[in-house]
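The values are calculated or read from the model by the stated rules, or taken from the named source; none is laboratory data. Just so you know, these numbers come straight off a predicted model, no measurement behind them. Here the Cβ is made from the backbone with ideal geometry for all residues, glycine too, and neighbour counts use every protein chain on show. The protein model used for the area step is the full one, side chains on, heavy atoms only, and it has no ligands, DNA or RNA in it. Shrake-Rupley method; radii C 1.70, N 1.55, O 1.52, S 1.80 Å.
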Amino acid sequence: RAGTKQVHDVSDRLVNLKLAFVLTDRRLYAEAIALFAPIYQKLEAAIARHKGHPQLRHLAPLLEDISRTPGFESDLHFHLGNAEEVSELKRRQAEGNPTELQRYLRHLDELEAEDPALLAAFVYHMYMAIF
């Protein structure tokens with residue numbers, strides 16, 4: 001922990017600075033939401049598929065109650081103002097942009113295939129960030 005404190009502090013400052021900038025523009029805010037929406041969607045769908053898994057059976061009903069996917073979709077439409085712009089963002093993502101997001105989503109697919117219980121750590125991390 002002590003060894004990474006300085007790097008972590010710098011990273012936190014950069015994230016906060018970027019967040020302040022993103023909050024000044026509706027389109028930038030929508031694009032930030034669009035980066036997270038597919039991650040939540042994938043996690044929620046994967047946990048739902050494995051709701052009978054012994055290590056996930058208690059998590060699945062909770063995610064149904066706090067699902068972010070519909071809210072993100074609504075937020076995108078609100079901040080972008082029309083369905084065409086939302087479709088354009090989704091089209092770019094479907095084409096593999098940004099590549100970092102696609103790599104992250106593939107990693108979640110691999111974890112689900114290996115052992116769905118591994119996704120619980122990602123769910124914890126992602127949902128603790130917003131609640």
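One table, with the values for the structure above:
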| quantity | calculated |
| --- | --- |
| Qualifying positions in the range 35-77 - among the hydrophobic types (A, V, I, L, M, F, W, C), over 19 Å from Ile130 (Cα atoms) and open to solvent by 40 Å² or more (accessible area, probe 1.4 Å) | Ala48 |
| Pairs, first modelled with pLDDT of 90 or more in the range 98-126, second acidic (Asp, Glu), C-beta under 9 Å, six or more apart | Leu118/Glu112; Leu119/Glu112; Val123/Glu44 |
| Within the range 105-131, tally of residues that are more than 12 Å from Leu56 (Cβ to Cβ) and outside any helix (DSSP H, G or I) | 1 |
| Matching residues, the range 37-53, being in contact (Cβ under 8 Å) with a residue 60 or more places away in the chain and part of a loop (DSSP other than H, G, I, E, B) | His50, His53 |
| For Phe36: the one exception among (1) closer than 16 Å to His125 by Cα; (2) at pLDDT 95 or above; (3) under 14 Å from the mean Cα position of the chain (by Cα) | (2) |
| Meets criteria (part of a helix (DSSP H, G or I), loosely packed, with under 11 Cβ neighbours inside 10 Å and at pLDDT 85 or above) for Glu84 | yes |
| Qualifying position, being among the charged types (D, E, K, R) and at pLDDT 90 or above, among Lys5, Lys42 | Lys42 |
